[in-house]
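Single-structure report; data block below.
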Amino acid sequence: MSGKDTRHFKTREVRAGVKPDPVTGAILTPIYQTTTYVQESVDKYLAKGYSYSRSGNPTVTALEARITALEGGVGSLCFATGMAATSCTIMALVGSGQHAILSDVVYGGTHRVATKVLNRWGLECSFVDTSNPANVEKAIRENTRLIFTETPANPTLKLTDIAAISEVARAHGIPHVVDNTFLTPFYQRPLELGADITLHSTTKFMEGHNITVGGSITAANKDHIEQIMFVRNCLGSNMTPMVAFYTLQGIKTMSTRLEAQSANALKVARFLETHPNVDRVAYPGLESFAQKELADRQASGHGSMLWFEVHGGVQSGKKLMDNLKLWSLAENLGSVESLVTHSVTMTHADMPREERMAAGITDGLVRLSTGLESAEDLIDDLKQALDGL
Ligand SMILES: Cc1ncc(COP(=O)(O)O)c(C=O)c1O
C-alpha cells in the first residue's frame, strides 16, 4: 500500500505491512532466517534494501511497517527488547555532558539504565514528577536534550498529560519520547497528541502471549529514525526475525485482547474495592481514580493493569501472593495469562527505597496484569486468597 493506510485500526492490525510472499504466495511474511543477502553486483549493492541482518531483515521490516500503521508517524524500528529500545533512544538523543528529564515513575529497568549505566558516560538524568507540566518546565536546562515520559507509569499508573508535556517540549525544541507500553496504540496514540517518539516493550500487549521479548519505537520525523537506527546497528540491539514473526501474529488480536482484558480488569478492580482486606485500589477506569479526567481525555480505554494495597502491609501482601492459585506470580505484564507482581522485590528492586516511596511505589503495592481467563475465576481466586489472610 502506498501512502497513509486509512483503513480502520482493526484492519491495519491484521493486514498492514504484510503482502503475500512473492515467491510462494504464503499469506504470512516468512521468517527470513538469514545473516546476509547476496548482492547482484558491487554497483547494485543494497538494491534490494538488505545487506546484513544486524542492520535490517525483511520479517522485522514487516513488523515495523505494521507498528507504524498503528501508531502513526513516519517509521518504526524494532529492538531485541523494550530496554534496548529505551537505551538506544536515549543514547541517540543525549550525549556526554547533556541532560535528560525522565518521569519519576518509570519501569525499574529504565531507572536502572539511566542511573547505573548511562551516567557512567556522562549523561545526566533528572527524575521529575511529569504529571505536572510546570515541574518539567522548571527542570529544563540549557543542555536538556530529551524528555522521556511513561504513561500510565509502571507500576503506580500515574498519568502524564502527553499533549501538555509535548507543548512544553516543542517550545524548547526538545524531543518528547513516550513509553506507551501500558495502553498500546489501540487506546492511546502519543504522536497524535504531539509527542515525537513513542516506545514499546512489544513483550507486553503487542505480542501478548508470553512467548518473546522485544521492543519498538515509532517516530514522527525521519531524522530521529535515522539517529536511533544508527545506534541500534552500532550496538547490535536489533530484533531477530523469529521474534518479529511471533509479534506479527500476536499483534493481530491486540485490540480484541485489550478490550476483553480491560473489561476483566474493571470487574476485578470493582471486586477489590469491596473487600475488607484491601486498603486501596487504583485502576484508571474506576471513578475513584485520582486522574480519571485525564485518563478519559487522552486515552480511549483504561487497559488491563491495576494495583492494590492489602491491609496488613508487606507480610499480608506476601501471604496473599502465596495464597493465589490461578494468578501467576511473574514479572511480565500484558499477556493473556493473568499475572501478579510485587514491584518492590521484583520489577523495581534496584530503585533506592526513599526514591521509590516518594514516587508512590510502596512496600505493600500488589500489581495485577489482568489476562483473558474468565473474570469469575480470577475474582474467585483473589477472594479466596484475601479471605485467607
Ligand atoms: C513500561 C515498560 N517499558 C519498558 C519495559 C522494558 O521492556 P523489556 O522487558 O521488553 O526490555 C518494561 C518491562 O517491563 C515496561 O513495563
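The values are calculated or read from the model by the stated rules, or taken from the named source; none is laboratory data. Computed from a prediction, not measured in an experiment: that's the story for all the values here. Neighbour counts run over all protein chains shown; Cβ positions are idealised from the backbone, glycine included.
Numerical summary
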item	result
Which numbered condition Gly214 misses (of (1) within 14 Å of the ligand (Cβ to nearest atom); (2) under 21 Å from His172 (Cβ atoms); (3) small (Gly, Ala, Ser))	(2)
Matching residues, region 146-205, being among the charged types (D, E, K, R), within 21 Å of Ser87 (Cα to Cα) and within 14 Å of the chain's Cα centre (by Cα)	Glu150, Asp179, Lys204
Residue pairs meeting the criteria (Cβ under 7 Å; at least 6 apart or on separate chains; first in the same structural domain as Thr184 (by TED's automatic domain parsing), in region 132-157; second in a helix (DSSP H, G or I) and surrounded by fewer than 18 Cβ atoms within 10 Å (Cβ to Cβ))	Ile140/His172
Within region 83-131, tally of residues that are outside any helix (DSSP H, G or I) and either outside the structural domain of Asp223 (by TED's automatic domain parsing) or among the aliphatic types (A, V, I, L, M) (or both)	9
Number of the condition not met by Leu258 [criteria: (1) within 16 Å of the ligand (Cβ to nearest atom); (2) among the aliphatic types (A, V, I, L, M); (3) closer than 30 Å to Arg54 by Cβ; (4) surrounded by 18 or more Cβ atoms within 10 Å (Cβ to Cβ)]	(3)
Scope region 76-107; condition buried (at least 19 other Cβ atoms within 10 Å of the Cβ) and of a type in the set (Gly, Ala, Ser); matching residues	Ser76, Ala80, Gly82, Ala84, Ala85, Ser87, Ala92, Ala100, Ser103
Unmet criterion (only one of (1) buried (at least 16 other Cβ atoms within 10 Å of the Cβ); (2) closer than 18 Å to Asn264 by Cα; (3) touching a residue at least 60 places away in the same chain (Cβ under 8 Å)) for Trp327	(3)
Members of region 169-189 that are in contact with a strand residue (DSSP E or B) (Cβ under 8 Å, 6 or more places away or on another chain) and closer than 26 Å to Arg356 by Cβ	His176, Val177, Val178, Asp179, Asn180, Thr181, Phe182
Total residues in region 356-383, condition at pLDDT 95 or above and either outside the structural domain of Leu339 (by TED's automatic domain parsing) or outside any strand (DSSP E or B) (or both)	14
Among residues of region 139-149, those that are out of contact with any Leu (no Cβ under 7 Å at 6 or more places or on another chain) and surrounded by fewer than 24 Cβ atoms within 10 Å (Cβ to Cβ), counted	6
Residues within region 188-211 that are within 14 Å of the ligand (Cβ to nearest atom) and either closer than 22 Å to Ala169 by Cα or surrounded by 20 or more Cβ atoms within 10 Å (Cβ to Cβ) (or both), tallied	14
Residues of region 72-97 that turn out to be of a type in the set (Val, Ile, Thr) and either under 14 Å from Met206 (Cβ atoms) or away from the ligand (no atom under 15 Å from the Cβ) (or both), as a count	3
Among (1) among the basic types (Lys, Arg); (2) in a loop (DSSP other than H, G, I, E, B); (3) over 30 Å from Val366 (Cβ atoms) - the single one Lys138 does not satisfy	(2)
Verdict on Ala47 being closer than 13 Å to Leu248 by Cβ and either within 16 Å of the ligand (Cβ to nearest atom) or hydrophobic (A, V, I, L, M, F, W, C) (or both)	no
